[in-house]
Amino acid sequence: MLQVNVLRQKTEWVKERLTIKNFKQLNLVDEIIALDDERKKLQAEFDSLQSKINSSSKNIGRLMAAGNKDEAEQLKNSVAEWKAALEPVKQKASGTESKLEEALVLLPNLPSEKVPKGFTAEDNETIKEGGHKPALHENALPHWELTKKYKLIDFELGTKITGSGFPVYTGKGARLQRSLIQYFLDYNAAAGYIEIIPPFMVNADSAFATGQLPDKEGQMYYVNEDKFYLIPTSEVPVTNIYRDTIVKQEELPIKMTAYSPCFRREAGSYGKDVRGLNRLHQFEKVEIVQIVEAEKSYDAVDDMVNHVEHLLNTLELPYRILRLCGGDMSFASAITYDFEVFSAAQKRWLEVSSVSNFETFQSNRLKCRYKDEAGKNQLVHTLNGSSLALPRIMACLLENNQTENNIKLPEVLHRYFSADVID
C-alpha cells in the first residue's frame, strides 16, 4: 500500500509512474489527497473540542471551590455542548478514514525507474539467455504423452478425484517431484535461506498484507465457514511471519525458503497452452523471501536473480530472463524478473519463476519495520521469488532430456532420484 505523504509530496511523479503501470484512474491520487485533507481537518476539530472539554472540566472544579457557582454552571453548559458536538465529528472522521483506506488499497505499487514502458508480455525486455536448446529425435513427445508412456502422472485420475488441473503423481513421477523439492530446498539453504514450513491456509489479514486482497480475490480458493484462503504461494504465510513486527536492524537481511502446495483457481484457462503441467489449479513450489533495509533491496533482487539463474544452470535447462514492462507486472510489485525455460517438444517458452521487489508496498500493509541507527522506525523492503515452481520445470526436464529409449536426468538430480534415467 502506498503512503499518503508520498502521494502528497510527489503527486505528478506518482501519476507518471502509475501511467507506466498502465493504471487509468489517476484522479484517484487527487481524491486520496482530498480525503486526507478532510481527515486532518476533522482530527484537528476533534482535538480542539477535546482540549476545550479537558481544560474546562478542570476549571469547573476550581470555580466551584472558589464559590463561583454561576460561572461554573455556565462552563458546564458549554462542556455539555462541546461533548454533544464531539461524537458527530468522531463519526465523520471515522467514515473519512475508512474511505481513505478503501481508496488507498485501489492503487497499485509504483514501478521502479528500471521498469520499461509497455502494456503486454510482448513489451517485456529479454535481458539474458542461457543454456542450450536440445535437438530432439524425430519421434519426440510432449510431456503429457511422456508422463503417460512412463506412468509418471495420471491427469485423468486427478480429474476423477477432484477435477481438471489436479494431477496425480505416481511411481517415478512422484519420486522425481520429491527429488526436485528436496534439491531446491537444499540449494536455497546452502545460500543462507532458513527453511520454513508454513500453514497452507491464511486469514484475510495475511492475504491483505501481501497484496492478494483485494486484487486477487477471484483467483484464490476460499473456505467460507472458517474464512480462510488456500495459499497461492508460500510467500503469503512466510512474509506474514513478520506482520506487526519491529525487527532489529542487525537481524537484516532476513532470508527464508519454504516448500508448499499452491492453489489457484485460474478461471478461464483453456486450450493447448494450458495442457498437461502447463497450468494447474494445484501445484508445488519452493519459494525464497527476503526482508531487507530499503537501500539494499536492489542489490538483494539482483542476488536473487543470480541465485535462480544458477539453479537453472545446474538443471542444464535453456532459459531466458525477462524484465517485465509496467503493464505486465503484478499489482504489488515494483520490479519483476521472470525466468522462462524452453520446452523443446512444445517449441515454446514456459515461465518457471518470478523474482520481485515490492519495496515498501507490502511492509506498509504488514507494518513491518526496523529501528535505524538514530532509533527511528523505518519500513523494510520485501522481496520474493520462485526457486522454483515445479510443474513446468518437470515438463521441460522430461521433454528436453528424452531419448528414444528413456529420459536422462541432469547430474545434480542423480543422488536425489537414486538413478540417472527414467525408463
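The values are calculated or read from the model by the stated rules, or taken from the named source; none is laboratory data. Model, not experiment: these values are computed from the prediction. Cβ coordinates were reconstructed from backbone atoms using ideal geometry, including for glycine residues, and neighbour counts include every protein chain displayed. What goes into the accessible areas is simple: the full protein's heavy atoms, side chains included, and nothing from ligands, DNA or RNA. Shrake-Rupley method; radii C 1.70, N 1.55, O 1.52, S 1.80 Å.
For the reader, a short list of remarks on this structure follows.
- When each of K41, K58 is tested for being open to solvent by 80 Å² or more (accessible area, probe 1.4 Å), part of a helix (DSSP H, G or I), more than 30 Å from N357 (Cα to Cα) and at pLDDT 85 or above, the lone residue that passes is K41.
- Out of A84, A72, A65, one residue alone is at pLDDT below 95 and either surrounded by 13 or more Cβ atoms within 10 Å (Cβ to Cβ) or of a type in the set (D, E, K, R) (or both). It is A72.
- Some residue of segment 182-202 being open to solvent by less than 60 Å² (accessible area, probe 1.4 Å), more than 24 Å from H381 (Cβ to Cβ) and of a type in the set (G, A, S): no
- When we screen A334, A345 for residues that are closer than 20 Å to T233 by Cα and of a type outside the set (V, I, T), the only hit is A334.
- Within segment 290-307, considering residues that are under 14 Å from R323 (Cβ atoms) and either in contact with a strand residue (DSSP E or B) (Cβ under 7 Å, 6 or more places away or on another chain) or not acidic (D, E) (or both), the one surrounded by the most Cβ atoms within 10 Å (Cβ to Cβ): V301
- If the condition is being farther than 28 Å from N313 by Cα and buried (at least 18 other Cβ atoms within 10 Å of the Cβ), then segment 155-172 contributes F155, G158, G165.
- Screening K90 against (1) at pLDDT 95 or above; (2) open to solvent by 100 Å² or more (accessible area, probe 1.4 Å) leaves a single unmet condition, (1).
- Taking (1) in contact with a Phe, Trp or Tyr (Cβ under 6 Å, 6 or more places away or on another chain); (2) under 23 Å from T403 (Cβ atoms) in turn, K148 satisfies each apart from (1).
- Selection from segment 359-381 of residues that are of a type outside the set (D, E), open to solvent by 10 Å² or more (accessible area, probe 1.4 Å) and either out of contact with any Leu (no Cβ under 8 Å at 6 or more places or on another chain) or under 24 Å from K114 (Cβ atoms) (or both): T360, N364, R365, K367, K371, A374, G375, K376, N377, Q378, L379, H381
- Looking across segment 222-260, the residues that are under 27 Å from V380 (Cα atoms) and either among the charged types (D, E, K, R) or free of Cβ contacts under 8 Å to residues at least 24 places away in the same chain (or both) come down to E235, R243, D244, K248, E250, E251, K255.
- E101, sole failed condition from (1) more than 17 Å from F361 (Cβ to Cβ); (2) within 37 Å of the chain's Cα centre (by Cα): (1)
- Pairs with Cβ under 6 Å, 6+ apart, first in segment 261-272 and modelled with pLDDT of 55 or more, second open to solvent by less than 30 Å² (accessible area, probe 1.4 Å): P261/E284; C262/P232; C262/T233; C262/F283; C262/K285; R264/P232
- Members of segment 98-120 found to be over 20 Å from N27 (Cα atoms), open to solvent by 60 Å² or more (accessible area, probe 1.4 Å) and out of contact with any strand residue (DSSP E or B) (no Cβ under 8 Å at 6 or more places or on another chain), listed by number: E113, K117, F119, T120
- Selected residue (criterion: most open to solvent (accessible area, probe 1.4 Å)) from residues of segment 315-351 that are more than 16 Å from the chain's Cα centre (by Cα) and of a type in the set (A, V, I, L, M): A345
- When segment 367-383 is filtered for residues that are among the hydrophobic types (A, V, I, L, M, F, W, C) and either under 30 Å from E340 (Cβ atoms) or at pLDDT below 95 (or both), the ones remaining, listed by number, are A374, V380, L383.
- Options M329, M304; residue that is over 27 Å from A189 (Cβ atoms), of a type outside the set (G, A, S) and in contact (Cβ under 8 Å) with a residue 40 or more places away in the chain: M329
- Tally of residues being assigned to a helix (DSSP H, G or I) and open to solvent by less than 100 Å² (accessible area, probe 1.4 Å) across segment 121-139: 2
- Scan segment 382-415 for residues that are within 29 Å of the chain's Cα centre (by Cα), open to solvent by less than 20 Å² (accessible area, probe 1.4 Å) and not small (G, A, S) and the total you get is 10.
- Residues satisfying the stated conditions in segment 119-151, i.e. of a type in the set (K, R) and either within 28 Å of G171 (Cβ to Cβ) or at pLDDT below 95 (or both): K148, K149, K151
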